[in-house]
1. With +1 on each Lys and Arg Cβ and -1 on each Asp and Glu Cβ, and nothing else charged, work out how big the dipole of the chain is about its Cα centre, in Debye to the nearest 20.
2. Among the lysines, which have Cα under 27 Å from the Cα of K88 when same-chain residues fewer than 8 positions away are ignored?
3. What net charge do the residues around L26 carry, taking every other residue with its C-beta under 14 Å from that of L26, with Lys and Arg at +1 and Asp and Glu at -1?
4. If the chain between L223 and Y112 were fully stretched, how many nm would it gain, using 0.36 nm times the residue separation less the Cα-Cα distance?
5. Hey, in the GNM for the chain with a 10 angstrom Cα cutoff, which one of Y268, Y150, Y233 fluctuates hardest?
6. Find out how many positive minus negative residues lie around E111, taking Lys and Arg as positive, Asp and Glu as negative, among other residues whose Cβ is under 12 Å from that of E111.
7. Out of L160, L264, L241, any idea which swings most in a Gaussian network model of the chain, alpha carbons joined below 10 Å?
8. If you add up the charges near A237, with Lys and Arg at +1 and Asp and Glu at -1, over every other residue whose beta carbon is less than 13 angstrom from its beta carbon, what do you get?
Amino acid sequence: MPGLQAQSRYFDERYIYTQAQLNPQLINPGAIGSAMKHQILLNYRNKWSGIDGAPRTATISYNGPVGNRLGLGVNIVSDRFGELETTKGALGLSYTIKSETNQVGFGISAEYIKHSLSGFGNSNPNDPIINLALAGAEYFDASFGVYGIYMDRLTYGLSLPSAVSSRISDIDNNAPDRDLGFILQFGYKIDVHSDITMTPSLIMKKLANVPTHIDMNLNFGFLQDKLIGGVSYTLGADKRLGFLIGTKIEKFNFYYSYNTSSNLIQDYNNGSHELTLGVNFGGK
């Protein structure tokens with residue numbers, strides 16, 4: 001049954017997002033409120049589509065300014081992989097310092113995570129380990145992050161996901177401690193033409209129960225980002241190649257990305273799909 005080992009140390013859902021270069025608040029609490037406008041975000045990812053029980057993840061989030069320097073963010077995540085279900089709720093705050101050329105935010109988020117099984121699958125219903133897993137394992141985590149924007153062109157960030165982690169359930173008392181993970185990101189926006197921009201970026205991730213990997217992205221914006229296209233490649237982990245298309249229409253953002261992998265499992269699925277819908281309101 002997939003995911004039983006995750007009861008001892010869960011995977012970090014920040015690995016899932018392939019559009020984090022467009023929505024950095026999903027992986028870095030320091031980016032909460034960095035756009036200086038309110039945003040409601042809906043994200044859905046179907047990994048390895050076509051396989052029964054393949055991972056499916058849904059996220060709903062809000063982030064925006066609540067004062068001249070303070071930002072507030074709320075994330076709710078639901079992930080299912082076979083019989084394993086993961087639920088996460090996070091509340092984040094950021095404090096932003098601005099100058100004429102630079103804007104940098106310092107953020108912290110408090111996170112509740114629960115892992116449980118939705119059913120017995122093909123396992124013995126009298127198995128005590130299965131029954132404990134059905135009850136679920138719960139954690140309380142705290143994450144920290146720094147995210148900056150320099151001259152409205154260079155973006156940079158460092159996040160320490162689950163830097164503080166405490167189990168609040170009685171399951172897995174002998175679970176080993178995790179190594180401290182991190183997410184490092186950089187991006188730079190280049191004017192190619194009066195109506196065309198190019199933004200290369202990279203995100204390096206070292207996360208719980210996920211191989212260290214680097215997401216390399218190259219996005220193009222047309223007509224003041226009313227149309228966005230991009231390509232990405234991941235070194236390590238899934239070794240995935242991805243394509244992105246999106247649009248910004250007044251207060252609405254829509255992005256779709258498709259990923260394929262060079263791993264052998266790609267022969268048995270139809271690739272991975274990710275959809276994001278954002279609604280923006282308010283302003284600076």
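Every read-out reported here was derived from the displayed coordinates using simple, explicitly stated rules and does not represent laboratory data. This is a predicted model, so every value here is computed, not measured. With ideal geometry, Cβ positions are generated from the backbone for all residues, glycine too; neighbour counts draw on all protein chains shown.
1. Details: 23 positive and 24 negative charges, 143 e Å.
Dipole magnitude for the chain comes out near 680 debye.
2. K37, K47, K114, K205, K206, K239
3. Numbers: positive: R14, R45, K88, K205; negative: D12, E13, D79, E111, D215, E274.
Computed value for this residue: -2.
4. Details: separation 111, 0.36 × 111 = 39.96 nm, distance 4.08 nm.
Working it through step by step, the gained length comes to 35.9 nm.
5. Y268
6. Working: positive: R14, K88, K114; negative: D12, E13, E138, D141.
It works out to a net charge of -1.
7. Checking each option, the largest mean-square fluctuation is seen for L264.
8. Details: positive: R14, K47, K205, K206, K239, R240; negative: D12, D215, D238.
Charge balance near A237 sits at +3.
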